[in-house]
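The values are calculated or read from the model by the stated rules, or taken from the named source; none is laboratory data. A quick note: this is a predicted structure, and the numbers were derived from the prediction, not measured. A quick note on method: Cβ atoms are made from the backbone with ideal geometry, for glycine too, and the neighbour counts reach across all protein chains shown.
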Amino acid sequence: MREVKSFCRFCLPFCGTTVTLDESGKVHKVRGDRDDLMTKGYACIKGLEASAAYYAKDRVLQPLKRQPDGSFAPIDLETALDEIAGKIREIAAQHGGESIGGFRGSGSLLNASGTSMLPAFLTALGSHKHFTTFTIDQSAKAVTMGRMGFWNAPRHPLHDSDVRMMFGANPLVSLTTSNFDMTNPTKRMKEARARGMKLIIIDPRRTETAQYADVFLQPYPGEDPTIAAGLIRIILSEGWEDADFCARHVADMDGLRAAVDPFTPDYVAQRAGVGAADLRAAAHLFAVECKRGSAAAGTGPSMSPHSNLSDHLIETLNVICGRYQREGEHVINPGVLRAREPKRAQVVPAGRWWDHGFKSRIGGYGMIGDEMMAGIMADEILEPGEDRVRCFISHGSNLANIMPDQRKTVRALQSLDLLVNIDPFMNETSRLAHYILPTKMGYERADLTMFYYESLYTQPYARYTPAIAAVPEGSEIVDDWEIFWGLAKRLGLELTYDGVPLDMSETPTTDSLLAIVARHAPVPFEAIKAQELGGIFEGELQYVEPAQEGHEGRFSLMPEDVRDELQQVLAERTTHGAYRSNGKSFTHLLTARRIRDVQNSVHRNVPAIRKRMPFNYAYLHPDDLAALGVDDGGRIEISSDAGAIPAEVKADETVRPGVIQMTHGWGSLPGKTDYDRDGANTGLLISTDRDLEPINAMPRMSSVPVNLRALQTGAGAARETHARIVEVQ
Ligand SMILES: Nc1nc2c(c(=O)[nH]1)N[C@H]1C(S)=C(S)[C@@H](COP(=O)(O)OP(=O)(O)OC[C@H]3O[C@@H](n4cnc5c(=O)[nH]c(N)nc54)[C@H](O)[C@@H]3O)O[C@H]1N2
Ligand SMILES: Nc1nc2c(c(=O)[nH]1)N[C@H]1C(S)=C(S)[C@@H](COP(=O)(O)OP(=O)(O)OC[C@H]3O[C@@H](n4cnc5c(=O)[nH]c(N)nc54)[C@H](O)[C@@H]3O)O[C@H]1N2
Ligand code: SF4
Ligand SMILES: [Mo]
């Protein structure tokens, strides 16, 4: 046995770990590494159980090909790539490059050498059909930047902020939220509180994070536009805004004032179910008592109706209070791996990029960056037409499980001429694939901390790790990039990788690709590699520069489409406990919520985790359980206007009455789910036929109106309950 330091690759913080390997190079044990510069010994159960995950029964150890009877047979990688390339060539020749699509999920987006390959591959094929999880997550933030414009320098950094306001984010569990520190967040929260930082939390659940809040608002879900508009109104009517900043940088203060005027404290309190005094306390604490620090949303608002509007109004709080770094301030984290750009004390005006360029034939949705909207992905496959997507590559995503509207997604995936799943596991998506191409797991590959998320660190930190563990004996698995390289070579494509054209005559290595990723770093790649624990690569200190001479850009806080949607919110007549949705009436709102034990659909195969979390419970306030006549541990049916699922309930006093919470990523394929084995898939309650937001086609994935019905328990009823569960799924 020997111990090696590396970092966990399961989620964003990339916790530093000490890994015990046996003689054959197998991961034996993992513990948090106290010496780690960022996470300082923290590691969660998912990371600690890496050995159980890596060598789980459902790990795929060689490429598999679907047989006519639906079973899978091993195929060697070169043959598989020959066959797949042949099929892609045929489909592209017949229907054009646009008929080839692909999706990047968390498994791709956490893999520094692999992730840039799918977009490079699709671009080379002439296809726009590139999707990622971003547009079923928090792409509302990109919509806000595109409609409001954005400050060219960062928001106030955490270390000298005296306040943080979070709408529907729980960083102490999710370790992700852009408005906090994802590395060892409980420790960071205690440190921030010890130096006096105030915290305002707006969440229908009294979360782990809310335990630290100075002001906690526990509204009905889906009321973030109302609450944010109400906070803006209080601040403006009291004159608590940063008037100087607004006068210099905002184009339409009058329009903003007029639009939020109807959102009086009493109106907001009544509608959102919060106290008017608490609302005022939140506004006062944020705008008057504290002068540095920002507000931001997590997935709660970004998955609820009016998600783009919510995000826009929440960012508006930062604008009117001027919560951005000004000329001369030190830019704490200018990044390491991404190219540095000057940060100027000026507004980049609204670009509305989605209005220009490629538009989907589905709903006319445009692009955000180089991405199409995941909310219309299934329709791009199903809707007849010449450029219908016929071949699809899923890279590091369990699409069949995690996409909203599971039934439609599965139907779409099943209708493809070719589905290739690049994933280490036999999961729901693998079961639908024509080819499963398995890859190495984290410790088996060289890597860098992820460039996409480096701005979420509080310092300019980056770390390299070599591959430390051996691949399982007898396996035929490769690094992710090798699959795309192999296909591109066969198809004669030229790949532009992360902006750099590759020499297609020379096979890269993982390190040569990582060197490209790190080409902008202030120190050479070799210098990053040389530091076992990584480093804080400050380079030349960066400061916010003055605005360019004659720069005229201003924020647009109340453009027409935002104003219209806000008026629409005002016109809604919501009766709590009797929610209308598509012609039906519902009693409760179902919201998303993450749990520590799993990462989306991953880690359900780890016995220690399943012991703690046998399936995804539905969390309800004890009063709601009493009203339903169901005990803790009883079973219910949850039905929305799109579908129904069974669930075992857990009493949870932290959840607001009227709200039911359940995490996603569970259940199996429709019709093949055994609740006791798989849990239930909340994607069955979501429709992508309707309720999509404008611009980014974001589905309604939280604040979903549902009805609840007790399933009989007790003697004699078990069989009936089981039958009902099978029927529902
Ligand atoms: N352990 C673990 N960590 C994860 C993940 C995981 O599955 N497991 N997933 C990762 C991913 S993919 C992401 S995107 C991030 C997400 O990170 P977060 O956004 O922090 O996600 P959650 O922890 O679910 O917190 C969302 C909160 O929103 C609240 N909420 C729900 N609806 C509403 C609403 O309408 N309004 C308001 N104000 N609040 C609402 C919920 O009660 C919940 O507390 O987490 C990442 N981290
Ligand atoms: N109802 C509902 N649906 C949701 C959400 C919700 O809150 N509610 N949240 C949404 C959000 S925010 C997100 S981000 C998505 C998450 O959607 P996904 O990212 O698709 O979800 P994961 O289950 O994390 O899937 C990651 C996959 O990558 C694989 N993998 C891990 N490492 C590697 C690797 O190195 N290479 C490759 N090729 N594969 C690897 C894993 O085995 C797994 O199958 O779900 C979305 N869906
Ligand atoms: S899974 Fe756990 S140990 Fe691994 S990076 Fe995420 S939080 Fe850290
Ligand atoms: Mo996500």
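Checking each residue in region 19-34 for being under 29 Å from Val173 (Cβ atoms) and more than 12 Å from ligand 3 (Cβ to nearest atom) picks out Thr20, Val27, His28, Lys29, Arg34. Checking the structure you have, find out if any residue of region 3-10 is in contact (Cβ under 8 Å) with a residue 60 or more places away in the chain, within 16 Å of ligand 2 (Cβ to nearest atom) and in a strand (DSSP E or B). The answer is yes; a qualifying residue exists. Would you confirm, using the coordinates I've provided, whether Asp624 is touching a helix residue (DSSP H, G or I) at 6+ places or on another chain (Cβ under 8 Å) and more than 16 Å from ligand 4 (Cβ to nearest atom)? So Asp624 does not fit the description; no.
Residues that are in contact (Cβ under 8 Å) with a residue 60 or more places away in the chain and in a helix (DSSP H, G or I) were ranked within region 35-50; the one that is nearest to ligand 1 (Cβ to nearest atom) is Lys46.
The condition (being surrounded by fewer than 19 Cβ atoms within 10 Å (Cβ to Cβ) and within 16 Å of ligand 2 (Cβ to nearest atom)) is satisfied by just one residue among Lys40, Lys57: Lys57. Residues in region 60-75 that are surrounded by 13 or more Cβ atoms within 10 Å (Cβ to Cβ) and of a type outside the set (Phe, Trp, Tyr) were compared, and the one that is farthest from Lys440 (Cα to Cα) is Arg66. Please find, within region 558-596, the residue that is farthest from Thr682 (Cα to Cα) out of those that are among the aliphatic types (A, V, I, L, M) and in contact with a strand residue (DSSP E or B) (Cβ under 6 Å, 6 or more places away or on another chain). Selected residue: Ala578.
Is it true that Gly25 is under 20 Å from Met450 (Cα atoms) and either away from ligand 4 (no atom under 16 Å from the Cβ) or at pLDDT below 95 (or both)? Considered against the rule, which asks whether it is under 20 Å from Met450 (Cα atoms) and either away from ligand 4 (no atom under 16 Å from the Cβ) or at pLDDT below 95 (or both), Gly25 comes out as no. Total residues in region 542-578 satisfying the condition of being assigned to a loop (DSSP other than H, G, I, E, B) and either farther than 30 Å from Ala446 by Cβ or touching a Gly at 6+ places or on another chain (Cβ under 7 Å) (or both): the figure is 21.
For region 425-468, the tally of residues that are part of a loop (DSSP other than H, G, I, E, B) and in contact with a Leu (Cβ under 9 Å, 6 or more places away or on another chain) stands at 11. Could you tell me whether Pro221 is assigned by TED's automatic domain parsing to the domain that holds Ser161, within 25 Å of Leu590 (Cβ to Cβ) and in contact (Cβ under 8 Å) with a residue 12 or more places away in the chain? Yes: the conditions hold for Pro221.
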